[in-house]
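Structure first, commentary second.
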Amino acid sequence: MTKAKAFWTAALVLASLVLMSGCRSGASANTNTNTQPTTIDVTAAPAEIRQIPTYFEATGNLVSDASTDVAPAVAGKIAQVNFDIGSYVNQGDVLIRLDERDAVIRLEQAQAQLNQSQSSVMQAEAQAEQARTNVRQAQAQLGLSPNEKFDINNVAEVRNAKANLDLAELEFSRSGRLLESGDLSRSLYDQRKTQRDQARAAYQTALNGANQRYAAIRTAEAQVSTAEAGVRATRSAVGGAQAQVSAAQKAVNDTYVRAPISGYVSDKVADVGEYISPSAPNTKIATIVRTSVLRLRIDVPEQSIGKVATGQSISLQVSAFPERNFAGTVVRMSPSVNATARTLVVEAEVPNSDGLLKPGQFATVRITQSKPEPAVMIRVAAVRTEGDVSRVFIIKDGIAREQLVQLGLLENDMIQVKQGVVEGEIVATSNLDKLSDGVFVRQL
């Protein structure tokens, strides 16, 4: 009985040991399973050597291509305002309208005066034409052509009367000789004398009539001169009236203040009901800036002046868009160096059709040189930037190794690595937010 009890006791102890051993083995197995390393799927691309443009960096400020303060040309009360800060206006758009009632009244008065002057011209021209008609009629009565010189002996009536007088004189003289010789009676002699006296009177009458008609021509010509002087005077009055109408029309037009250039309104100091005058100080109603093309004023260090020339390409970055490059071209260079700052001001033109850039922004500028240079380039997607620190994950033997990098030029979807990566190294391009130094990765 004692032996049997001892046997079962030993068996129980052995079974307990086996169970404990099995539990430890299972726990160990579970522990090994839970500590298996995590593997992250990533895409990757090698670092490449590419030829990129060489450049040197400078700083600059953006300014508008054109900026103008708009002021009225005439005084008046503002009746309408058609713009606000930030509005885009086209050249010629009406910005404000002044009360135009007084100007319209003056225009109507000037137009009435012009109409009256034009009517006077028509009357004077009609009088001048009538005077010229009278001259032509008087000339016709004398048988004169328009430019023929007057000679009384060439007048037909005078010429006929003179011929009759000459014949009567001849007959009378002959009658006298015949009377003395007794070949002619006294009565016939007296008859010839009467005919001579009548011819002399007729000749004198013809002379007087020709002179009177010539005097009528002279009078009509004087009337023509007077009428033409009246035409000139009334035409001069029309010119003065037209000038008055033009001035009055300009005064009406000036009540509409228009945009002198196309651009954006950057300042507005006009409100409905306000009285403005061009003679008052600071009479501007708005400032318009043209931003479709901006000027970038670059401060080039004295030692780099030889590296800049008109026509060179530039790229610039602003803090508002740190991952975007904007292109431009050097178009102007100052002829002298700033003696204090030892810099040369260079101007570049930067297209800005989308309006992202604003006048007054500070820019970091890269001025491209003519000779390219090799550079290590990686995908932009391979860079994780936090604040001022940029890092990549280099893949080697299935493990991601974190590497801080110094970046350079951005070219489309590639970016230059100045320090931290060498050609041929494989860098992860996806799932960067899941990576850390030493993590296992599987390259897809």
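The values are calculated or read from the model by the stated rules, or taken from the named source; none is laboratory data. No experiment lies behind these values; they were computed from the predicted model shown. Cβ sites come from the backbone with ideal geometry, for glycine too, and all protein chains shown count toward neighbours.
Return yes when Asn115 is more than 30 Å from Thr364 (Cα to Cα), at pLDDT 90 or above and not assigned by TED's automatic domain parsing to the domain that holds Ala233 and no when it is not.
On the way: more than 30 Å from Thr364 (Cα to Cα): yes; at pLDDT 90 or above: yes; not assigned by TED's automatic domain parsing to the domain that holds Ala233: no.
Considered against the rule, which asks whether it is more than 30 Å from Thr364 (Cα to Cα), at pLDDT 90 or above and not assigned by TED's automatic domain parsing to the domain that holds Ala233, Asn115 comes out as no.
Part of a helix (DSSP H, G or I), farther than 30 Å from Glu129 by Cα, at pLDDT 85 or above and assigned by TED's automatic domain parsing to the domain that holds Gln118: is that true of Thr234 in this structure?
Working: part of a helix (DSSP H, G or I): yes; farther than 30 Å from Glu129 by Cα: no; at pLDDT 85 or above: yes; assigned by TED's automatic domain parsing to the domain that holds Gln118: yes.
Answer is no for this residue.
With the checklist (1) within 30 Å of Gly387 (Cα to Cα); (2) more than 31 Å from the chain's Cα centre (by Cα) in hand, flag the one item Ala339 doesn't pass.
Checking Ala339 against (1) within 30 Å of Gly387 (Cα to Cα); (2) more than 31 Å from the chain's Cα centre (by Cα), the one that fails is (1).
If you scan region 290-327, which residues turn out to be among the basic types (Lys, Arg), under 30 Å from the mean Cα position of the chain (by Cα) and not in a strand (DSSP E or B)?
None - no residue of region 290-327 is among the basic types (Lys, Arg), under 30 Å from the mean Cα position of the chain (by Cα) and not in a strand (DSSP E or B), so the list stays empty.
Report, ordered by the first and then the second residue, all pairs with beta carbons closer than 6 Å, sequence separation of six or more or different chains, a first member in region 421-444 that is on the phi < 0 side of the Ramachandran plot, and a second member that is assigned to a loop (DSSP other than H, G, I, E, B).
If the second residue must be assigned to a loop (DSSP other than H, G, I, E, B), the pairs left are Val421/Ala47; Glu423/Ala47; Glu425/Ala47; Thr429/Thr43; Ser430/Thr43; Phe440/Pro37; Phe440/Gly398; Leu444/Thr43.
Evaluate the following for Ile298: is it closer than 25 Å to Gly408 by Cα, surrounded by 12 or more Cβ atoms within 10 Å (Cβ to Cβ), of a type in the set (Val, Ile, Thr) and modelled with pLDDT of 90 or more? If you could, list the steps in order and put the result at the bottom.
On the way: closer than 25 Å to Gly408 by Cα: yes; surrounded by 12 or more Cβ atoms within 10 Å (Cβ to Cβ): yes; of a type in the set (Val, Ile, Thr): yes; modelled with pLDDT of 90 or more: yes.
Yes.
Quick check on region 415-426: of everything there that is out of contact with any helix residue (DSSP H, G or I) (no Cβ under 7 Å at 6 or more places or on another chain) and of a type in the set (A, V, I, L, M), which residue is farthest from Met377 (Cα to Cα)?
In the first step, residues of region 415-426 are kept if they are out of contact with any helix residue (DSSP H, G or I) (no Cβ under 7 Å at 6 or more places or on another chain); the result is 416-426.
Then drop every residue that is not of a type in the set (A, V, I, L, M), which leaves 417, 421-422, 426.
Numbers: Val417: 6, Val421: 9, Val422: 9, Ile426: 12 Å.
Filtering region 415-426 for residues that are out of contact with any helix residue (DSSP H, G or I) (no Cβ under 7 Å at 6 or more places or on another chain) and of a type in the set (A, V, I, L, M), the one farthest from Met377 (Cα to Cα) comes out as Ile426.
For the condition of a type in the set (A, V, I, L, M, F, W, C) and within 30 Å of Leu107 (Cα to Cα), what is the one hit in Val265, Val272?
Result of the check over Val265, Val272: Val272.
Collect the residues in region 402-425 that are farther than 24 Å from Arg324 by Cβ and crowded, with 16+ Cβ neighbours inside 10 Å, keeping them in residue-number order. Steps first, please.
Kept after step one, since they are farther than 24 Å from Arg324 by Cβ, are these residues of region 402-425: 402-403, 422-425.
Listed by number, the residues that qualify are Gln403, Glu425.
Could you say whether any residue in region 85-108 is within 21 Å of Val272 (Cβ to Cβ), under 32 Å from the mean Cα position of the chain (by Cα) and polar (S, T, N, Q)?
yes
Given the conditions (1) among the aliphatic types (A, V, I, L, M); (2) buried (at least 16 other Cβ atoms within 10 Å of the Cβ); (3) over 22 Å from Ile276 (Cα atoms), which single one is not true for Ala112?
So the condition that Ala112 fails would be (2).
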